[in-house]
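Here's the structure we're looking at; comments come further down.
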Amino acid sequence: MTASAHILVVDDEANLRRTVARILQRAGYEVTTAGSGKEGLTLLSEHTFDLVYMDIRMPDMNGLEALKSIHAMYPQLPVILFTGQPDLNSAVSALRHGAIDYLQKPLKPELLLDRAKTVLAKLELDRRRQELQSQIESLQLELRNLETGKEVEQSATEGGNAEPDKRYLKRGNLTLDLHTRRISTGSKQSIFLPPTSFDYLLVLARHAPNIVDYQTLVAEAQGYQASPREAQELVKWHIHHIRQAIEPDIAHPMYVINIRGSGYRLVAD
């Protein structure tokens, strides 16, 4: 994760933003900057980030206010705040509102990089643990199907011959195997996705190349109704999994395209 992690830096001081971005970029991170809390929230709604560095004191929306919004909308997203105030109240307030840490100005490059490395390593471990759990659940389901004879019954019903048109859904060089629930692209074979994320990709593929709005994605992939905002947040997490699995360059997606304010569309032809 550390080589391709995407970090958002939010600070109203242009020189500090550029300096922090340069330090992180030299360490191999992808960095996007914002000059205000409001701009930072807008960028968060449009892109996927792995870590946020943000100043506490900003004119239009201070860091604590922005932090409350970020923590409410993206509770798993780690945020580290910059503070020029060495007092305990500032630190405690930041941690109480969802920050995982804070750094005191003037910032030290080695601490900036150390915090990023530590936080992103833990995030990668958590994601890998979740991925393995999803794989275990998928394999357990497959095992139950074998034990109950579902595959045998299906084979007998079909006269022993699988119907390729029903088993595979193809869009350009993207192929979804509906039996094994694996994906193939022109360059990758038998790609695993967590079960729910696979369902999201399946919905996009069935509607391709049309735009699928956030609420429709949630309804068809997970079977329940969500508010527009809730749906957008649910979808974003699964789109991140899908892009990690099939996109050659996750920073410049070519398959799953975001249509700002509307939803997503699959482009595979």
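Calculated FRET efficiency, A72 and K166, Cβ-Cβ r, R0 51 Å, to nearest 0.05?
That pair, A72 with K166, gives E of 0.75.
Percent of alpha carbon pairs in the chain separated by more than 28 Å?
Roughly 44 percent, once rounded to a whole number.
Give me the percent of accessible area attributable to carbon and sulfur for the chain, probe 1.4 angstrom.
51
Provide the solvent-accessible area of Y255, counting protein heavy atoms only and rolling a 1.4 Å probe, rounded to the nearest 10 Å².
The accessible area comes out at roughly 10 Å².
How far is it, in nm, from the label point at E13 to the one at K122 when both lie 7 Å from their Cα along the line to the Cβ?
Between E13 and K122, the simple spin-label model gives 2.6 nm.
Determine how large the accessible area of L107 is when every protein chain is in place; take a 1.4 Å probe and give Å² rounded to the nearest 10.
Surface accessible to solvent at L107 totals approximately 40 Å².
In whole angstrom, how far apart do the alpha carbon centroids of the range 193-228 and the range 1-70 sit?
Taking the Cα centre of each part, the range 193-228 and the range 1-70 sit 29 Å apart.
Given labels modelled 7 Å from the Cα in the Cβ direction, how far is it in nm from T180 to N62?
5.7
To the nearest 0.05, how large is the calculated FRET efficiency for L103 and Q225 if R₀ is 41 Å and r is the Cβ-Cβ distance?
E(calc), rounded to 0.05, equals 0.45.
Treating cross-link reach as a plain straight distance, find the lysines whose alpha-carbon is under 25 Å from the alpha-carbon of K105, omitting any fewer than eight places away in the same chain.
Once the sequence-local lysines are set aside, what remains near K105 is K38, K68, K117, K122.
For P209, what is the net charge nearby, where nearby means another residue's Cβ is under 15 Å from its Cβ and Lys, Arg count +1, Asp, Glu -1?
With Lys, Arg at +1 and Asp, Glu at -1, the neighbours total +2.
Please work out how much accessible surface D50 shows to a 1.4 Å probe, ignoring ligands, DNA and RNA, in Å² rounded to 10.
About 10 Å², rounded to the nearest 10.
So for the chain, averaging the separation of alpha carbon pairs under 8 Å that are six or more residues apart and normalising by length, what relative contact order in percent results?
Once normalised by length, the contact order is 12 percent.
With r as the distance between the Cβ atoms of H47 and D114 and R0 = 25 Å, compute the FRET efficiency 1/(1 + (r/R0)^6) and round to 0.05.
0.50
The values are calculated or read from the model by the stated rules, or taken from the named source; none is laboratory data. Computed from a prediction, not measured in an experiment: that's the story for all the values here. A quick note on method: Cβ atoms are made from the backbone with ideal geometry, for glycine too, and the neighbour counts reach across all protein chains shown. For the accessible areas, the whole protein counts, side chains as well, though only heavy atoms, and no ligand, DNA or RNA atoms are used. Shrake-Rupley method; radii C 1.70, N 1.55, O 1.52, S 1.80 Å.
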